[in-house]
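The next block holds one structure in the form of structure tokens; read it before the comments.
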Amino acid sequence: MIRIPFNRPFATGDELDYIRAAIATPKFSGDGKFTADCHRLLEESLGVAKAFLTSSCTHALEMAAFLLNLGPDDEVILPSFTFTSTANAFVLRGARPVFVDIRTDTLNIDEKRIEDRITKHTKAIFLVHYAGVGCEMEAIMAIARRHGLAVVEDNAHGLYGKYRDRYLGTFGELAAVSFHETKNFSCGEGGALLMNDTRFIERAEIIREKGTDRSRFFRGEVDKYNWVDIGSSYLPSDLLAAFLRAQLEHREQIQSARQRLWENYMRELSGWAADNGVRLPTIPPECEQSYHMFYLILPSLDSRQALISHLSQREIFAVFHYLPLHLSPMGRTFGGREGVCPLTEKLAERLLRLPFYTGMTDSEQTQVIDAVCAFRC
Ligand SMILES: *Cc1c(COP(=O)(O)O)cnc(C)c1O
């Protein structure tokens, strides 16, 4: 029996060569050659107006809150079933989160429940494409247009996933991507802000460079650089961009490896799932997923906990995902309480994520599948 982690970082083999090349350049702070390469790779592959690497997806979301001028008195609609960063991004600016429940099939924000929660204070919708399966973007963009709201896509899971043949992250004014070690493409810690609306580009460049026009100075557009706006330091080192470039260049290899593993799980577990009242992921026909994770929805909290310990006795590490934000100590300070998002409450306690990573071997996956199939709910 081999120990199977929940995640194992993957390297394509080109990372070290690129890092060596980055070290040999006169500059490996932010916005060097490899950062520019990553910007171009993202912009060309996705067709977005502009991409900026950031130190994390969290920071890209914070930049989005700056760019939309979110502040006290503003309300932002978001799913409760997400990571804290989706909310913190604008809570840091003083805006209030308004939690909306999820759909049972995709676990994405339920577009049918959004309009009820819009008030005269609502400024934006921050949504998450859970597991890289697209939200119902047609309906959501129509609601946003009708009410004059900005849409920010937290696309930490869904890089290269599609909705109606269009890449996730290209619908909202702004989108955020994660290159954390647990995501499909990684440089350890990193992210990107994607801009689909060109009016944000100039200010994003300033916010990302500590509120200065240093980028314009480096391009020779101004003869000195100055403090011109609020901002922070959101640039990753070019050494990380060098690592990331290798990953983005191998995107087809990475995605097809993940697709194969995902389809193996789906095929090999479907009989067991049907016999045990376990639900497997649902991918609506209009969505092409990003193969970010493989989850199970067990019949109850008890059976979910029992399966986690059954697997851990066999040296297999499965995890739950997202304690609902509206029930967290912080979420409760914004009016969160039991019953506000009933489906989120019910599904979050039954969800389990199986080990799933790009370099997973067939024998590791077979061990997981055999262990799961030996479990009875
Ligand atoms: C991972 C994740 C983040 C945070 O990404 P970082 O790059 O670690 O900041 C934000 N939102 C969601 C939905 C995530 O899964």
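The values are calculated or read from the model by the stated rules, or taken from the named source; none is laboratory data. These numbers were taken from a predicted model, which means no experiment stands behind them. Using ideal geometry, Cβ is built from the backbone for each residue, glycine included, and neighbour counts are taken over all protein chains shown.
Yes or no: the range 158-176 includes at least one residue that is under 24 Å from residue 342 (Cα atoms), within 14 Å of the ligand (Cβ to nearest atom) and touching a residue at least 12 places away in the same chain (Cβ under 8 Å).
If we filter the range 158-176 for residues that are under 24 Å from residue 342 (Cα atoms), which is where we start, we get none.
Scanning the range 158-176 turns up no residue that is under 24 Å from residue 342 (Cα atoms), within 14 Å of the ligand (Cβ to nearest atom) and touching a residue at least 12 places away in the same chain (Cβ under 8 Å).
Residues considered: 344, 333. Of these, the only one that is within 26 Å of the chain's Cα centre (by Cα) and in contact (Cβ under 8 Å) with a residue 24 or more places away in the chain is 344.
Based on this model, can you work out whether residue 182 counts as in contact (Cβ under 8 Å) with a residue 24 or more places away in the chain and either more than 18 Å from the chain's Cα centre (by Cα) or outside any loop (DSSP other than H, G, I, E, B) (or both)?
On the way: in contact (Cβ under 8 Å) with a residue 24 or more places away in the chain: yes; either more than 18 Å from the chain's Cα centre (by Cα) or outside any loop (DSSP other than H, G, I, E, B) (or both): no.
When the stated conditions are applied, residue 182 does not pass them.
Can you find a residue in the range 39-47 that is farther than 24 Å from residue 322 by Cβ, part of a loop (DSSP other than H, G, I, E, B) and in the same structural domain as residue 160 (by TED's automatic domain parsing)? Looking through the range 39-47, at least one residue is farther than 24 Å from residue 322 by Cβ, part of a loop (DSSP other than H, G, I, E, B) and in the same structural domain as residue 160 (by TED's automatic domain parsing).
Give me a count of the residues in the range 260-283 that are acidic (Asp, Glu) and without any contact (Cβ under 8 Å) to a residue 40 or more places away in the chain.
To start, the set of residues in the range 260-283 that are acidic (Asp, Glu) comprises 263, 268, 275.
Those still in the list that are without any contact (Cβ under 8 Å) to a residue 40 or more places away in the chain too: 263, 275.
Result for the range 260-283: 2.
The residue that is farthest from the ligand (Cβ to nearest atom), counting only those in the range 189-231 that are closer than 24 Å to residue 167 by Cβ and part of a loop (DSSP other than H, G, I, E, B), is 197. Within the range 84-104, restricting attention to residues that are among the β-branched types (Val, Ile, Thr), crowded, with 18+ Cβ neighbours inside 10 Å and under 28 Å from residue 278 (Cα atoms), the residue that is farthest from the ligand (Cβ to nearest atom) is 100. When the criteria are applied in full, residue 263 meets the requirement of being part of a helix (DSSP H, G or I), within 20 Å of residue 129 (Cα to Cα), modelled with pLDDT of 95 or more and not hydroxyl-bearing (Ser, Thr, Tyr). Per the listing 70, 53, 107, the residue uniquely crowded, with 23+ Cβ neighbours inside 10 Å and away from the ligand (no atom under 16 Å from the Cβ) is 70. Beta carbons closer than 9 Å, at least 6 apart along the sequence or on distinct chains, pair a first residue in the range 213-237 that is free of Cβ contacts under 8 Å to residues at least 24 places away in the same chain and closer than 29 Å to residue 187 by Cβ with a second that is surrounded by 17 or more Cβ atoms within 10 Å (Cβ to Cβ) and of a type in the set (Lys, Arg) for 225/214; 225/216.
Of all residues assigned to the range 320-336, at least one qualifies as being in the same structural domain as residue 256 (by TED's automatic domain parsing), surrounded by 15 or more Cβ atoms within 10 Å (Cβ to Cβ), in a helix (DSSP H, G or I) and in contact with an Asp or Glu (Cβ under 9 Å, 6 or more places away or on another chain).
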